[in-house]
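The values are calculated or read from the model by the stated rules, or taken from the named source; none is laboratory data. No experiment lies behind these values; they were computed from the predicted model shown. Glycine also receives a Cβ, built like all others from the backbone with ideal geometry; neighbour counts cover every protein chain displayed. With ligands, DNA and RNA removed, areas are computed over all heavy atoms of the protein, side chains included. Shrake-Rupley method; radii C 1.70, N 1.55, O 1.52, S 1.80 Å.
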Amino acid sequence: MNERKKKEKKMISDEKVLQVNNLQVSFRTYGGEVEAVRGVDFDLYKGETLAIVGESGCGKSVTSNAIMGLIPQPPGIIKNGHILFKGKDLTKLTKGELRKIQGVDISMIFQDPMTALNPTLTIGEQLTEGLRTHKKIGKQEAKKRAIDMLKLVGIPNPEERLKQFPHQFSGGMRQRIVIAIALICDPELLIADEPTTALDVTIQAQILELFEEIQRKKKISIILITHDLGVVAKIADRIAVMYAGKIVEIGNKREIFYTPEHPYTRGLLNSVPRLDLEDEELQPIEGTPPDLFSPPKGCPFTARCDYAMEVCDHVYPFTNKLSEAHRVDCWLQDERAKVIKNSDRVG
Amino acid sequence: MAKYIIKRFLMMIATILIIATLTFALMHTIPGSPFDDERTSNPTIQANLEKFYKLDEPMHIQYLYYLKSIVTFDFGPSIKKPNESVNELLARGFPISFELGMVTILVALLSGVTLGTFAALRHNGIIDYTAMTFAVVGISVPNFVLATLLIQQIAVNLEWLPPATWSSPLHMILPTLALATGPTAIIARLTRSSMLEVLTQDYIKMARAKGLSPVRIVVRHALRNALMPVVTIMGTMLAGILTGTFVIERIFAIPGMGKYFVESINNRDYPVIMGSTVFYSAFLVFMLFLVDIVYGFLDPRIKLHRKEGDA
Ligand SMILES: Nc1ncnc2c1ncn2[C@@H]1O[C@H](COP(=O)(O)OP(=O)(O)OP(=O)(O)O)[C@@H](O)[C@H]1O
Ligand code: SF4
Ligand SMILES: [Mg+2]
């Protein structure tokens, strides 16, 4: 289908924009320490879209906030690990140094466009303030750039719209404005935390198309956080599956959709309706994720896994590299574990 | 915006009219008359005086004269001090009361908002606890108690500041302090809680993600939103401060309107009561009107809500 067309237009280079190594983030709360992210590793290449999927509370937002430098400290602490953005370790920067990167090299799009814009400032002010802070350009030039951005994200009459306030726009329009704000300083990395969850379906599709268009035009790298596997199927190049603060499986889109190896990934895929397998019953994953106040020593999925073995309970599985891109943390990958029957496979 | 202002303006006129009518009614229901004093007990003199002040006319005629005096803004001479007109009393007393009230509001707003903002930014820190302890004390101690304490300690015992009157900026410090402490505390608490809420909003997180400086985030993005509730209570607070001036003026022997007002009620000095009440309430209602307009400017959703639809 249009997979091939997309490949032709899309340029993913092998230049790494971002490298996240063994990232661990905790929150000190009255109830104890929440280990929200417990050792996350991934790389991001120039021009690609990496989707991070997983159940609520698995640490997707904490991971992206950590990259963006938005973990509130306290109560949050980056306990370990490195976030290398073009070779520079973001965890080592001072707040002032970080501000030179925020909104300029790395930008973020938030989930709810109804609350992400300041109700008391005009769209124009909100669009240009980042630009004027970082790039030291004049008012007129900033305005011109803002108009260009609004055109790019598909907002009609941009000159007039600049003077208006957020409440004068619909939800879809506001999300376009949020995207324009994120892109105005020409970032290399865009983090989108559930950018379409709060929108209705037709608007969702439009926004996703906008992402693809922008990526083609700007060669930007995108981290897309979502619950929605439909969204993932549409625009991701690679997929990371998170569970209880860890990436349990990561791989190219095809690998994750057609040859998922981790039982949790398979569970996720089984829990969404598919058009090509109409008669198959939906199987939501039973149970709930473990308590992150005292996460299990072994595989966190043990309590919910149909294949759990003795070892799973005690030792965290090693990471098995199935291909250049495909990695999975599961004891079933061990030769000693019994081979899974093909019929259990989804793809 | 124009429509909004006109609507508020008409409401303001109606409010003043209602207050004026109530004042008239109340004044004539309280027993006694300006001539209860033994010095003026000669019946002929009294009759002449009543004729002069139109007190011999039927009530509804008196009411019409009264309305006329309001519209023309001429309240006639005082009964007790016949050589002085009510307008003169107002012109003498009001500027002083106004000064006291405005300085108080300014002090309360500036210090309250600053305290509240810092308390919110250092949430659960020492500044926060100190400021909020101060706020609780400030709210619970009545201004006349505070005034007495301040005079006793700072003026009499320490002799740092003059104890009374309104003759120099130095004289203004203690009365302002006494009057402003309560409102400051209320504003500080309100600013703190609304600031804490605003700081958790997505648009603040977004401002951080833009790499803006913390000062800019607080001043430009948070403060304006956090001040909405403060502006909302400014109206009632103004009323409180203005009545507070009466008490404080008496304690510090400040020759403001409070003095004339209290005297006029004791004396049943009708023209002065009517004049000062109507003038004062008109002033207050006008201030509320201003607060509404400021609110409209702060919150664009009010200003434009009928002008344009959603995109
Ligand atoms: N400021 C905080 N203080 C304490 N705990 C926090 C804080 N922020 C996040 N957490 C905890 O970290 C864990 C991971 O949260 P995170 O927001 O990353 O989940 P998520 O994967 O984004 O979920 P969702 O899909 O619901 O957005 C949760 O258990 C959450 O309670
Ligand atoms: S390691 Fe064990 S419990 Fe965890 S997913 Fe694999 S089989 Fe299941
Ligand atoms: Mg989240």
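Condition check ((1) buried (at least 20 other Cβ atoms within 10 Å of the Cβ); (2) in contact with a Pro (Cβ under 9 Å, 6 or more places away or on another chain); (3) of a type outside the set (Ser, Thr, Tyr); (4) in contact (Cβ under 8 Å) with a residue 12 or more places away in the chain) across all residues:
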position	(1), (2), (3), (4)
A:Gln19	no, no, yes, yes
A:Arg28	no, yes, yes, yes
A:Glu35	yes, yes, yes, yes
A:Ser56	no, yes, no, yes
A:Pro75	no, no, yes, yes
A:Asn80	no, no, yes, yes
A:Phe85	yes, no, yes, yes
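Scoring A:Arg174 on the criteria (1) more than 14 Å from every other protein chain (Cβ to nearest Cβ); (2) within 20 Å of B:Asp202 (Cα to Cα) leaves a single failure, condition (1). Among the residues of this structure, A:Ala192 does not count as one that is more than 14 Å from chain B (Cβ to nearest Cβ), open to solvent by less than 10 Å² (accessible area, probe 1.4 Å), in a strand (DSSP E or B) and within 16 Å of ligand 3 (Cβ to nearest atom). Residues being more than 16 Å from ligand 2 (Cβ to nearest atom) and part of a strand (DSSP E or B) are represented in region A:245-263 by at least one member. Candidates in region A:56-68 are the residues that are at pLDDT 90 or above and assigned to a loop (DSSP other than H, G, I, E, B); of these, the one that is nearest to ligand 2 (Cβ to nearest atom) is A:Cys58. A single member of A:Leu162, A:Leu150, A:Leu183 is in the same structural domain as A:Asp105 (by TED's automatic domain parsing), within 18 Å of the chain's Cα centre (by Cα) and away from ligand 3 (no atom under 16 Å from the Cβ), and it is A:Leu183.
In summary, helices (runs of 4 or more DSSP H) completely within region B:150-254 and bearing 3 or more residues that are away from chain A (no Cβ under 14 Å) occur at B:169-199, B:228-251. Only a single criterion out of (1) aliphatic (A, V, I, L, M); (2) more than 8 Å from every other protein chain (Cβ to nearest Cβ); (3) open to solvent by 10 Å² or more (accessible area, probe 1.4 Å); (4) touching a residue at least 24 places away in the same chain (Cβ under 8 Å) is not satisfied by A:Ile137, namely (4).
Only one of these is farther than 30 Å from A:Thr302 by Cα and open to solvent by less than 10 Å² (accessible area, probe 1.4 Å): A:Ile239, A:Ile235. Name it.
Working: A:Ile239 fails: farther than 30 Å from A:Thr302 by Cα.
Exactly one residue qualifies, and that residue is A:Ile235.
In region A:87-100, the condition of being open to solvent by less than 40 Å² (accessible area, probe 1.4 Å), assigned to a loop (DSSP other than H, G, I, E, B) and facing chain B (nearest Cβ under 10 Å) is met by no residue.
It is to be established whether one or more residues within region B:18-40 are surrounded by 17 or more Cβ atoms within 10 Å (Cβ to Cβ) and polar (S, T, N, Q). Within region B:18-40, one or more residues are surrounded by 17 or more Cβ atoms within 10 Å (Cβ to Cβ) and polar (S, T, N, Q).
Scanning region A:170-184 for any residue that is of a type in the set (D, E, K, R), within 30 Å of B:Phe297 (Cα to Cα) and away from ligand 2 (no atom under 16 Å from the Cβ) turns up at least one such residue. Only a single item in (1) at pLDDT 85 or above; (2) touching a Leu at 6+ places or on another chain (Cβ under 9 Å); (3) within 16 Å of ligand 1 (Cβ to nearest atom); (4) in the same structural domain as A:Leu44 (by TED's automatic domain parsing) is not met by A:Thr196, and it is number (1). In a residue-by-residue description of region A:61-69, the property of being more than 25 Å from A:Phe318 (Cβ to Cβ), over 13 Å from the mean Cα position of the chain (by Cα) and either open to solvent by 20 Å² or more (accessible area, probe 1.4 Å) or near ligand 1 (Cβ under 9 Å from one of its atoms) (or both) applies to at least one position.
Might you check whether a residue that is under 25 Å from the mean Cα position of the chain (by Cα), within 9 Å of chain B (Cβ to nearest Cβ), more than 16 Å from ligand 3 (Cβ to nearest atom) and surrounded by 18 or more Cβ atoms within 10 Å (Cβ to Cβ) occurs anywhere in region A:197-208? No, region A:197-208 has no match at all.
Based on this model, can you work out whether A:Glu212 counts as more than 14 Å from every other protein chain (Cβ to nearest Cβ), within 16 Å of ligand 2 (Cβ to nearest atom) and either open to solvent by less than 10 Å² (accessible area, probe 1.4 Å) or modelled with pLDDT of 85 or more (or both)? Answer is no for this residue.
For region A:112-121, the candidate set comprises residues that are of a type outside the set (A, V, I, L, M, F, W, C) and facing chain B (nearest Cβ under 8 Å); within that set, the residue that is surrounded by the most Cβ atoms within 10 Å (Cβ to Cβ) is A:Asn118. Close contacts from region A:296-322, counting a first residue that is closer than 18 Å to A:Ile247 by Cβ and a second that is within 16 Å of ligand 3 (Cβ to nearest atom) and assigned to a loop (DSSP other than H, G, I, E, B), with Cβ to Cβ under 6 Å and a gap of 6+ residues or different chains, come to A:Pro300/A:Ala244.
Quick one: in region B:138-179, of everything that is open to solvent by 60 Å² or more (accessible area, probe 1.4 Å) and of a type in the set (Val, Ile, Thr), which residue is modelled with the lowest pLDDT? Per the criteria, the residue is B:Val156.
In region A:29-60, what residues are within 14 Å of chain B (Cβ to nearest Cβ) and more than 8 Å from ligand 1 (Cβ to nearest atom)?
A:Tyr30
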